[in-house]
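Single-structure report; data block below.
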Amino acid sequence: MDTIAVLDFGSQTAQLIGRRIRECGVYAEILSGTDPIPEHLIDQVKGVVLSGSPSSVHEDGSPRVHPSVLSLGVPVLGICYGLQQIVHEAGGRVSRAERREYGRSRLQLHQEHALFNGVPDGFVSWMSHGDSLAELPQGFVMLAESEHGLPAAVRNAESSIVGIQFHPEVSHCEYGTHILRNFAVDICHAAQAWSMEQYVDTARETIRTTAGSESVLVLISGGVDSTVVAALILSALPGSQVHLMYVDTGLMRAGETEEVTKTLEQLGAEHIHVIDAQDRFYAELAGKPDPEEKRRIIGDLFISIQQEELAKRQIGEGFLAQGTLYTDMIESGKGVGTYAKVIKSHHNVRSPLVQKKRDEGLLIEPLSWLYKDEVRELGRVLGLPEHVVGRHPFPGPGLAVRILGAVSPERVRVLQAADRIYIDELRKRRLYDEIWQAFCVLLPVSSVGVAGDDRAYGGVVALRAVVSVDGMTADVYPFESRDILEISARITNEVPEVGRVVYDVSSKPPATIEWE
Ligand code: XMP
């Protein structure tokens with residue numbers, strides 16, 4: 001299939017570039033920025049995008065595009081750092097700008113170019129750069145200029161290379177997707193042959209050829225991602241070949257284990273292994289308040305339990321499938337370019353079982369290039385019900401990262417009770433689907449209140465509700481005050497251990513969605 005190769009130099013938005021191009025119906029694949037294009041893709045690649053990067057071309061060892069890529073003879077679009085590398089290599093000058101350009105910038109278009117077909121002069125772009133183009137290389141022409149008079153778009157003499165200083169992939173950039181479409185369709189002439197149905201067909205075919213007659217184990221977390229992976233695998237292989245394993249850590253939402261089991265049965269699974277490991281998780285987490293330590297304990301225990309159970313049940317020799325998303329990879333510093341920074345450790349990425357399977361070539365991760373809403377669309381194409389595909393994301397370590405401080409069965413119970421009311425109210429008020437993620441957090445403090453005529457010393461619950469496209473950035477959901485007041489009142493009335501409810505009004509960044 002015609003493909004646009006997006007070469008990743010460590011940008012947090014490389015995948016977003018790919019996703020925007022796919023939104024235009026053109027298949028895009030993210031590849032390592034510094035390697036040649038893999039042999040099997042060369043004939044399919046109709047154009048190349050060089051992503052941005054946290055690096056500067058002036059730093060020693062900053063990543064560079066492999067020279068073979070520029071001699072493929074297909075059009076190249078450099079974005080931000082991608083553009084700066086080209087200019088630097090071609091003899092132009094990139095300098096630390098005296099003024100960083102960050103955020104919205106209105107662009108003046110100087111010359112007509114297919115990249116800007118249908119884009120009006122003065123459109124608002126989105127900038128995020130410290131280095132700027134101080135001098136263009138010979139033969140390069142400026143196509144657009146920023147509000148601060150800096151080059152915002154350039155091309156070389158033959159127009160085989162175009163470069164832009166702004167980020168068309170971010171949602172704040174006007175005409176951003178349109179510009180990427182112009183590149184992929186009008187400049188590279190790539191066929192618009194990509195769709196989710198087509199993705200499902202290809203993914204099924206890949207799963208069948210990869211797995212052959214070997215067994216496939218799917219690790220189920222209860223979230224959308226692993227359910228969609230299970231549905232995909234079960235739609236590609238006979239049920240007898242597929243084992244689904246779900247570890248009940250005791251850190252799930254109220255009633256979740258029952259719901260997960262029901263969904264799996266409806267998917268036609270023949271081998272469902274539900275493991276009740278609550279007591280072991282609670283015992284190991286007792287008295288451990290540190291967030292990273294909690295994550296590590298849960299990740300390690302998860303893995304030992306899996307291994308014990310796999311050995312006991314004599315399964316798991318063959319392939320392992322899991323629903324890792326691209327955002328899980330970058331947030332753990334495992335993006336393609338390996339330059340992204342570690343923000344939080346995700347146990348499904350660093351697990352030794354997963355690593356072992358990866359090393360042995362026995363890992364199937366069919367969602368690792370998709371964004372959450374693409375996974376939902378995939379689930380819908382596979383016929384999963386809306387209440388399953390529409391579920392809010394839930395973190396691997398579960399409620400443990402929503403109980404600040406040490407976890408205990410009692411605190412889990414209190415949080416589950418408050419959280420169940422919150423989610424129930426959001427569904428009743430038809431707000432659930434407007435929100436990307438909503439949950440309660442149990443704080444490690446108590447506060448004074450009154451119960452009847454007495455002073456009471458009760459727990460504090462924070463409500464979180466955010467809107468987001470992919471979890472990478474998020475805004476606070478602007479509740480009507482009546483909704484939040486009524487929800488809060490129901491929680492304090494029905495959960496006696498909670499004496500106070502607060503609403504978290506922080507966006508991401510600077511905060512993260514979860515509190516730990
Ligand atoms: P943060 O809190 O980093 O979360 O803004 C971004 C998204 O990732 C989820 N999340 C996790 N998911 N294991 C997971 O599988 C984890 O350790 C983890 N930590 C955060 C979070 O719920 C949000 O959707």
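The values are calculated or read from the model by the stated rules, or taken from the named source; none is laboratory data. Since the model is a prediction, treat every value here as computed from it, not as a measurement. Cβ coordinates were reconstructed from backbone atoms using ideal geometry, including for glycine residues, and neighbour counts include every protein chain displayed.
Taking only the range 29-67 into account, find how many residues are closer than 19 Å to LEU83 by Cα, in a strand (DSSP E or B) and modelled with pLDDT of 95 or more.
Residues in the range 29-67 being closer than 19 Å to LEU83 by Cα, in a strand (DSSP E or B) and modelled with pLDDT of 95 or more: 5 in total.
Can you find, within the range 385-401, the residue that is modelled with the highest pLDDT among those that are near the ligand (Cβ under 9 Å from one of its atoms) and over 24 Å from GLN266 (Cβ atoms)?
Among residues in the range 385-401 that are near the ligand (Cβ under 9 Å from one of its atoms) and over 24 Å from GLN266 (Cβ atoms), the one modelled with the highest pLDDT is VAL401.
Which condition number does GLU377 fail, the rest of (1) within 30 Å of GLY18 (Cβ to Cβ); (2) away from the ligand (no atom under 16 Å from the Cβ); (3) modelled with pLDDT of 95 or more being met?
(3)
Out of all the residues in the range 491-516, which are out of contact with any strand residue (DSSP E or B) (no Cβ under 7 Å at 6 or more places or on another chain), away from the ligand (no atom under 16 Å from the Cβ) and closer than 15 Å to LEU415 by Cβ?
Hits for the range 491-516 are GLU494, VAL495, PRO496.
Contact list please: Cβ distance under 8 Å, first residue in the range 111-123 and part of a loop (DSSP other than H, G, I, E, B), second residue acidic (Asp, Glu), pairs at least six apart or on different chains.
ASN117/ASP186; PHE123/GLU174
What are the residue pairs meeting all of these: first residue in the range 397-414, first residue outside the structural domain of ALA254 (by TED's automatic domain parsing), second residue more than 16 Å from the ligand (Cβ to nearest atom) and of a type in the set (Ser, Thr, Tyr), Cβ atoms under 6 Å, and 6 or more apart or on different chains?
Correct list of pairs: PRO409/TYR282.
Sort out which residues of the range 290-310 are at pLDDT below 90 and within 12 Å of the ligand (Cβ to nearest atom), and write them in order of number.
Hits for the range 290-310 are GLY299, PHE302.
Is it fair to say SER132 is farther than 20 Å from ARG100 by Cα, of a type in the set (Ser, Thr, Tyr) and either at pLDDT below 95 or assigned to a strand (DSSP E or B) (or both)? Reasoning before the result, please.
Values: farther than 20 Å from ARG100 by Cα: no; of a type in the set (Ser, Thr, Tyr): yes; either at pLDDT below 95 or assigned to a strand (DSSP E or B) (or both): yes.
So SER132 fails the test.
Quick check on my filter: what residues within the range 418-438 are among the hydrophobic types (A, V, I, L, M, F, W, C) and under 16 Å from ALA489 (Cα atoms)?
Matches in the range 418-438: ALA418, ILE421, ILE423, LEU426.
Could you pull out the residue among LEU115, LEU83, LEU107, LEU77 that is over 16 Å from VAL49 (Cα atoms) and crowded, with 17+ Cβ neighbours inside 10 Å?
On the way: LEU115 fails: over 16 Å from VAL49 (Cα atoms); LEU83 fails: over 16 Å from VAL49 (Cα atoms); LEU77 fails: over 16 Å from VAL49 (Cα atoms).
When all the criteria are applied, what remains is LEU107.
Residues to consider are ASP470, ASP419, ASP453; find the one that is within 16 Å of the ligand (Cβ to nearest atom), at pLDDT below 90 and either farther than 18 Å from GLY223 by Cα or in the same structural domain as ASN493 (by TED's automatic domain parsing) (or both).
Answer to the selection: ASP470.
Restricting to the range 474-490, give me the number of residues that are more than 14 Å from the ligand (Cβ to nearest atom) and β-branched (Val, Ile, Thr).
Residues that pass the stated criteria total 2.
Identify the residue in the range 434-449 that is of a type in the set (Val, Ile, Thr) and away from the ligand (no atom under 16 Å from the Cβ) and, among all such residues, is modelled with the lowest pLDDT. Steps first, answer last, please.
The first filter runs over the range 434-449 and keeps only residues of a type in the set (Val, Ile, Thr), leaving 435, 441, 445, 448.
Imposing the further condition that a residue be away from the ligand (no atom under 16 Å from the Cβ) reduces the set to 445, 448.
On the way: VAL445: 93, VAL448: 87.
Of everything passing the filter in the range 434-449, VAL448 is modelled with the lowest pLDDT.
Of a type outside the set (D, E, K, R), more than 16 Å from the ligand (Cβ to nearest atom), assigned by TED's automatic domain parsing to the domain that holds ARG19 and part of a strand (DSSP E or B): does that describe ALA157?
Spelling it out, it is not the case that ALA157 is of a type outside the set (D, E, K, R), more than 16 Å from the ligand (Cβ to nearest atom), assigned by TED's automatic domain parsing to the domain that holds ARG19 and part of a strand (DSSP E or B).
Going by the structure shown, is THR249 among the hydroxyl-bearing types (Ser, Thr, Tyr), closer than 24 Å to THR324 by Cβ and at pLDDT 95 or above?
yes
Would you confirm, using the coordinates I've provided, whether ARG313 is surrounded by fewer than 17 Cβ atoms within 10 Å (Cβ to Cβ), modelled with pLDDT of 90 or more and away from the ligand (no atom under 16 Å from the Cβ)?
yes
Filter the range 11-28 down to the residues that are at pLDDT 90 or above and either assigned to a loop (DSSP other than H, G, I, E, B) or surrounded by fewer than 18 Cβ atoms within 10 Å (Cβ to Cβ) (or both) and list them by number.
The answer is GLU23, CYS24, GLY25, VAL26.
Quick test for you: out of LEU77, LEU83, pick the one residue that is modelled with pLDDT of 95 or more and closer than 27 Å to SER195 by Cβ.
LEU77
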